[in-house]
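To start, the structure under review is shown below, and the notes come after it.
Readers should treat all values here as calculations from the given coordinates under stated rules, not as data from a laboratory. Fair warning: this is a prediction, and the values are worked out from it, not measured in the lab. Glycine also receives a Cβ, built like all others from the backbone with ideal geometry; neighbour counts cover every protein chain displayed.
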Amino acid sequence: MGGYFAISASYPICLSQTIHAVVLAAGEGNRLGYPKAAIKVAGRWLLPDLILAFRAAGAQTVTLVLSQQSQASIADFGPTHADLEVVNPSPEEGKTSSILCGLQNIPPGNAVWIHPCDTPLVQAASLMTIRQAWESSENPDQLLARPVSSANRGGHPLLVGSERVEELKKFLPEQSLRELLQNHPESQLNVKVSPDPGPFLNINTPEQLTLVEGLLDNSAS
């Protein structure tokens, strides 16, 4: 299992576009039984590895959005490696409220990765694959790039071009990120990242956690 968690910064990072990352970790984890920021797989806390994956893929800054509850749940876990940690004062308003908190410190003209911490196993290599496809496309500032599986199942994160970021900043908390995708079907860029299952493995329940641990045990054997 140790190899799966390895983080490498040896990828050829293209800096023609500035990308920041916002990692959403304000979820209470009601179905999981504890805040999602504190997710561990086989005893390993995954949030720092997730943040380092974005850094290895060339994110200029990584902003971690927490709630007071999730911040308290990881207070004794050690450093998150985020450049900035912000607390969403109203996490009950939903995921978009956390996105808006994370975007407050992103200057205009910058693209942003948006990623939920309950999909913690995404690898830097997959992020680089998405980034390279996005940067080589026409008008990347208008694009919404996401990973898809070999069966065209969508996953996380979503890479939002700078023009779409400015549109997203005007969203109300009750609006969904899915609405941005629905408003711009012509701007969607689906990038196949198989065989990496990380972008498609969500951990929202104890059963899903057990499933992920079993999958990783099988892949390591």
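Which residues in region 48-82 place their backbone N less than 16 Å from a point set 7 Å from the Cα of Thr18 along the Cα-to-Cβ direction?
Counting only backbone N, you get 58-63.
For Lys40, list the lysines whose Cα falls under 24 Å from its own Cα; do not include residues on the same chain fewer than 8 positions away.
Of all the lysines, those that pass the test against Lys40 - Cα under 24 Å, at least 8 places apart if same chain - are Lys95.
Towards the positive end of the charge dipole of the chain, with charges on Cβ (+1 Lys, Arg; -1 Asp, Glu), say which of Pro120, Leu181, His20 has the farthest Cα.
The one lying farthest along the dipole's positive direction is Pro120.
At most 14 other Cβ atoms within 10 Å plus a DSSP loop assignment makes a site exposed; report the longest stretch of the chain without any exposed GluC sites (Glu not before Pro).
Details: sites that count: Glu138, Glu174.
The reported range is 1-137.
What trypsin sites (Lys or Arg not before Pro) in region 144-221 are in a loop by DSSP, with at most 12 other Cβ atoms within 10 Å of the Cβ? Working shown, then result.
On the way: sites: Arg153, Arg164, Lys169, Lys170, Arg178, Lys192; in loops: Arg153, Lys169, Lys170.
For trypsin sites (Lys or Arg not before Pro) across region 144-221 that sit outside H, G, I, E and B with at most 12 neighbouring Cβ atoms in 10 Å, the list reads Arg153, Lys170.
As a test of the formula, what do you get for the chain when each DSSP H run with n ≥ 4 contributes -39,500 (n - 2.57) and the sum is divided by the residue count, at 222 nm and rounded to the nearest 500 deg cm²/dmol? Numbers along the way, then the final one.
Working: 7 runs with 66 residues, N = 221.
Roughly -8500 deg cm²/dmol at 222 nm, from the helical runs in the chain.
May I ask you to evaluate 6.51 cos²θ - 1.76 cosθ + 1.60, the Karplus curve with θ = phi - 60°, for each residue of region 164-173 and list the ³J(HN,Hα) values in order in whole Hz, giving x for glycine and proline?
Running phi through 6.51 cos²θ - 1.76 cosθ + 1.60 with θ = phi - 60° gives 6, 4, 5, 5, 5, 4, 8, 5, 8, x Hz.
What distance in nm separates the simple spin-label points at Glu207 and Ala125, each placed 7 Å from Cα in the Cβ direction?
Those two pseudo-labels are separated by 3.2 nm.
Separation of region 23-51 and region 150-165 by C-alpha centroid, Å?
Using only Cα atoms to place each centre, the spacing works out to 21 Å.
Please compute the net charge surrounding Pro173, taking Lys and Arg as +1 and Asp and Glu as -1 over other residues with Cβ under 15 Å from its Cβ.
Values: positive: Lys95, Lys169, Lys170, Arg178; negative: Glu92, Glu93, Glu174, Glu179.
Here the count lands on 0.
Given Cβ point charges of +1 (Lys, Arg) and -1 (Asp, Glu) and nothing else, what value in debye, to the nearest 20, does the dipole of region 19-220 about its Cα centre take? Don't jump to the answer; show the numbers that get you there.
On the way: 14 positive and 21 negative charges, 49 e Å.
For region 19-220, the charge dipole is close to 240 debye.
Straight-line reach from Lys36: which aspartates and glutamates fall under 12 Å, measuring Cα to Cα and dropping same-chain residues less than 8 apart?
Qualifying aspartates and glutamates at Cα under 12 Å: Glu28, Asp118.
With a sphere of radius 12 Å drawn around the Cβ of Val191, what net charge do the other residues whose Cβ falls strictly inside it have (Lys, Arg +1; Asp, Glu -1)? Please list the in-between numbers first.
Details: positive: Arg131, Arg146, Lys192; negative: Glu135, Asp196.
Residues close to Val191 contribute a combined charge of +1.
What percent does the relative contact order of region 19-220 come to when contacts are Cα pairs within less than 8 Å and at least six residues apart? List each step's numbers first, then the result.
Numbers: 401 pairs, mean separation 49.1, N = 202.
Relative contact order here is 24 percent.
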